[in-house]
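See structure below.
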Amino acid sequence: MTENELSKIVFETGLKIHKKLGAGLFEHVYEACLFYELKKTGLFIEKQKSLPILYEELIIENAFRLDMIIENKLILEIKAVEYINPAHKAQLLTYLKMTGFKLGLLINFQTHIFKNGVTRISK
């Protein structure tokens, strides 16, 4: 399955959750619901995946934590904030660089219209 096919599944799943719950909840609630719904599809999903960074000879364990990885191809960064700022996008772009993945979705559930809260980031 391609990154685009996976992102379509994630978008539709996020939309379903947003329609049922609306905006205004904590990030961890949306993350738990998204994980639950995506697991039902049979996709391989890792949640709160901790990864190291290698800097010269120094290995920094648990340097960053990814909200979700879908099928070892797509990174999800989940937010429930008033607005997405450049630091959120930079965070996801850094995750893509560090992992070598091509596509990430920044999903902000704190919007009235779900599609306005989804940003595709690719490297």
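So the values come out like this:
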| quantity | calculated |
| --- | --- |
| Qualifying positions in segment 7-20 - more than 28 Å from K97 (Cα to Cα), open to solvent by 40 Å² or more (accessible area, probe 1.4 Å) and in contact (Cβ under 8 Å) with a residue 40 or more places away in the chain | K19 |
| G104 within 16 Å of H18 (Cβ to Cβ), touching a strand residue (DSSP E or B) at 6+ places or on another chain (Cβ under 6 Å) and small (G, A, S) | no |
| Pick from segment 33-58, criterion touching a residue at least 40 places away in the same chain (Cβ under 8 Å) and in a strand (DSSP E or B), ranking: nearest to the chain's Cα centre (by Cα) | L51 |
| Given (1) in contact with a Gly (Cβ under 9 Å, 6 or more places away or on another chain); (2) in a helix (DSSP H, G or I), number of the condition F11 does not satisfy | (1) |
| Residue check, N4 more than 11 Å from the chain's Cα centre (by Cα), under 17 Å from K123 (Cβ atoms), assigned to a helix (DSSP H, G or I) and in contact (Cβ under 8 Å) with a residue 24 or more places away in the chain | yes |
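The values are calculated or read from the model by the stated rules, or taken from the named source; none is laboratory data. Only a predicted model underlies this, so the values are computations on that prediction, with no experimental measurement involved. Cβ sites come from the backbone with ideal geometry, for glycine too, and all protein chains shown count toward neighbours. To get the accessible areas, we keep the full protein, side chains included, count just its heavy atoms, and leave off ligands, DNA and RNA. Shrake-Rupley method; radii C 1.70, N 1.55, O 1.52, S 1.80 Å.
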